[in-house]
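The values are calculated or read from the model by the stated rules, or taken from the named source; none is laboratory data. Fair warning: this is a prediction, and the values are worked out from it, not measured in the lab. Positions of Cβ are generated from backbone atoms using ideal geometry, with glycine treated the same way; all protein chains shown enter the neighbour counts. Surface areas here come from the heavy atoms of the whole protein model, side chains and all, with no ligands, DNA or RNA. Shrake-Rupley method; radii C 1.70, N 1.55, O 1.52, S 1.80 Å.
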Amino acid sequence: MTAPILLTDAQIQSFITNGYTTVHTAHDPTFHQQLHQQIETLYAATGNPGNDILPKISDLYQVLQDPSVHGALQSLLGPDYGIHPHRHCHQNLSGSVGQGMHQDSYENDQNVRHHRTRWTMAFYYPHDVTVDNGPTAILPATQYYTSSEQAHQRDEVALCGKAGTVTIVHYDLWHRAMPNPSECDRFMVKFLFTRMSEPHGPTWDYNDDTWTTDSNDPPALLCRRAWDWMRGTETAIVPSDTPTDDLARVLQTAAEAERLHAIYALAARGADAMPVLLEALHREAAERLEANLAASYTNPSQLEAVFALSAVGRPAVPHMVELLDDEDWSLRAAAADVLGDLGATASDTVSRLARALDDESEWVRRNAVEALGNIGPAAAEAVPALTQRLQDSESWVRHNAALALAKIGPAAAEAVPTLQKNIEDDHYVGANAAMALERINS
């Protein structure tokens, strides 16, 4: 395989800020024309193949293996990134009125939308796409916002391009299919990718640790924290002069963008901010529980205090371990989620997270499973408990258990017999079990 073409520092910083990057494959126009024809023929014969688009049109693998595409994904997710079992060819019919702006759900899962780049999507055009035939549109720099009101403060950008254009976006970026007034259907093939190991250093064409992007929306401190995390290091941040009490009031009253500014300003104070952030976590967990449970594909731990506690880092760990014993399951679930977002920083909590896998709440089990996967090979002692979760009553817990074992890799060898049985489970559980078996080298 040709060496990957890695992203630059400037491209990584732009992605962190704006939520997307566009690359162009090296294949000649004839290759994409043939792919386009294969897709149209497949649709005419059988309709939308759904997740089977990749095995039915195997030439799409060449798009994923293109040096620019592979290099961009490696830059953003690390060299061992995984291809998620969900992929979809989107046909925007001639005459369509388009879609509304939205964030995609996590397939067969109820994931928390986090700020760190662990998930991306790629949009591939097999033919030329202009604004006149219904391209995908995005709202740049909206990947950190969950409210449509906040997202629509941005103007949409149409992702037009020649055949072979691939745009990679942060999974939570707001996007839509635009109206297609042309006489031709527009096709776009979407792929999902996930980080399989936590960053220990830059995986792009790294030359300078200086943050040079001048932006305050999304919050600059949020972006700096994301940059540091991807570099596997931390930069000392001088706290602002704003009184802590004032920042705490912002968390309860302001618009989402202002709340995120306050969250990261508090996180910059480290351990000193823990009383305020713990109070915020308790309040948000209670106030938002009903709405989060009612929303489709939404984890009850979708809380802004979670972002702040993750940004605080190591000082938050003992408090989250304590919360794993709280009588309120929503707080236990939130604590597990914070430890999962901290990843390797919380590697000394493996035994406690393993016990959480037996929690009566499926949400606690799900978040604890993901946390152990993010910790990775250092979570090897939890393999027996994770193996038991492969038989959980909830498919999305089994789905994440298989993914966690895949991230642990060879140290999860004792899970092989159960993983082999899970191959026959639903599409996502089975695909993740197959990936785990491959990464365990079985």
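Rounded to the nearest whole Å², what accessible area per residue is found for the stretch 296-442 with the 1.4 Å probe?
Averaged over the residues of the stretch 296-442, the accessible area is 34 Å².
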For the chain, whose charge dipole is built from +1 on Lys and Arg Cβ atoms and -1 on Asp and Glu Cβ atoms, the candidate among 236, 39, 194 with its Cα farthest towards the positive end is 39
Return the calculated 222 nm mean residue ellipticity for the chain, to the nearest 500 deg cm²/dmol, obtained by summing -39500 (n - 2.57) across DSSP H runs with n ≥ 4 and dividing by the residue count. -13000 deg cm²/dmol
Please give the charge dipole size of the stretch 1-127, origin at the Cα centre, charges +1 on K and R Cβ atoms and -1 on D and E Cβ atoms. Round to the nearest 20 debye. 240 debye
Expressed as a percent, the accessible surface of the stretch 327-406 that is carbon or sulfur, using a 1.4 Å probe and the full set of protein chains, is 40 percent
Just tell me which lysines come within less than 30 Å, Cα to Cα, of residue 421; anything on the same chain fewer than 8 places away is out. 56, 190, 407
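If you stretched the chain out fully between residue 344 and residue 27, how much longer would it get, using 0.36 nm times the residue separation minus the C-alpha to C-alpha distance? Numbers along the way, then the final one.
Values: separation 317, 0.36 × 317 = 114.12 nm, distance 3.89 nm.
The residue 344-residue 27 span can extend by a further 110.2 nm.
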Peptides 410-418, 159-167, 245-253: what's the order by average Cβ count within 10 Å, highest mean first? 159-167, 410-418, 245-253
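What Kirkwood Rh does the chain have if only Cα atoms enter the pairwise 1/r average? Answer in Å. Intermediate results must be reported in sequence, preceding the final value.
Values: mean 1/r = 0.0445 Å⁻¹.
When all Cα pairs of the chain are included, the Kirkwood radius is 22.5 Å.
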Quick one: with all protein chains in place, what share of the accessible area of the stretch 221-304 is carbon or sulfur, to the nearest percent (1.4 Å probe)? 51 percent
Lys/Arg +1, Asp/Glu -1 at C-beta; the chain dipole; positive extreme among 62, 292, 333: 62
Per GNM of the chain with C-alpha springs under 10 angstrom, the most fluctuating residue out of 232, 430, 78 is 232
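Charges only on Cβ, +1 for Lys and Arg, -1 for Asp and Glu: so what's the dipole of the chain about the Cα centre, in debye to the nearest 20?
On the way: 30 positive and 58 negative charges, 135 e Å.
Dipole about the Cα centre, nearest 20: 640 debye.
Just check the stretch 1-121 against the gyration tensor rule for me: Cα atoms, a ≥ b ≥ c as the square roots of the eigenvalues, rounded for a/c under 1.5, and otherwise prolate or oblate depending on whether a/b exceeds b/c. All intermediate terms of the calculation are to be shown ahead of the outcome.
Working: a/c = 1.74, a/b = 1.24, b/c = 1.41.
It is oblate, given that a/c is not under 1.5 and a/b is not larger than b/c.
For the stretch 136-255, with only Lys/Arg (+1) and Asp/Glu (-1) charged at the beta-carbon, what is the dipole magnitude about the Cα centre, in debye rounded to 20?
Working: 10 positive and 17 negative charges, 97 e Å.
Dipole size: approximately 460 debye.
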